[in-house]
Amino acid sequence: IVELYQKDVADVGGVDLNPVIKNLGSVRVVTDPPACNVIIDSKDYGMSPLDIDLLEGKHRINLTKDKYRRKTEVFNVVADSLIELNYEMFRETGDLTVITKPKDAKIYLNEKYYGETPVELKYLEIGDYKLSIRKKDYKEFIDSISVSLNQEIVIDKDLSPFPATVAFFSYPSGA
């Protein structure tokens, strides 16, 4: 019944009263990882993956996800066709450099080994880390650090040696 009504209204006097329906195209948005917020032409359409119908023409898509870089792109919708938009999202990162005196200390972040000082870690995912610096005969240094977007953290640490012990021996005994 609805189809007949729409057809009858659209054909009144030879005037097309429903041009919007004829100018729609389908868009499928797929992201890796999934569950990215999809905003098209400033309207929030929900989370990916999703299928939507849009008017023919150019549109702007914005994809966001916590701790991931925002993705913005312009795309073109063609009437009566399906386009699939596939996007790989990239984590937001920062940099960490660790320098110690003496050098060659072992660096751990959240108990994962990253090498010996001096060490430069580029594109480290943003977030909180437990930094541990270890070297034989020196006290372990432990600290919490927060890596922020596009931030470079430099840790320059003088390690503290363990106290020395001295033992005295005499020969003959008691001398």
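The values are calculated or read from the model by the stated rules, or taken from the named source; none is laboratory data. This is a predicted model, so every value here is computed, not measured. In this analysis, Cβ positions are derived from the backbone assuming ideal geometry, glycine residues included, and neighbour counts consider all displayed protein chains. Ligands, DNA and RNA are stripped out before the accessible areas are found, and what is left, the full protein with its side chains, is counted by its heavy atoms. Shrake-Rupley method; radii C 1.70, N 1.55, O 1.52, S 1.80 Å.
Legend: residue pairs K71/K130; K67/K112; K67/K106; K43/K65; K67/K135, Cα-Cα distance threshold 26 Å; pairs beyond threshold, K71/K130; K67/K106; K67/K135. Across the options I145, T100, T165, the greatest Cα extent toward the positive end of the charge dipole of region 95-169 (unit charges at beta carbon of Lys, Arg, Asp, Glu) belongs to T165.
Tell me, rounded to the nearest percent, the portion of alpha carbon pairs in region 28-175 spaced more than 27 Å apart. The calculated P(r) of region 28-175 puts 51 percent of pairs beyond 27 Å.
A 1.4 Å probe run over region 20-175, with the rest of the protein chains in place, finds 65 Å² accessible per residue. Taking a point 7 Å out from the Cα of A35 in the direction of its Cβ, none of the residues of region 121-143 has a backbone N less than 11 Å from it.
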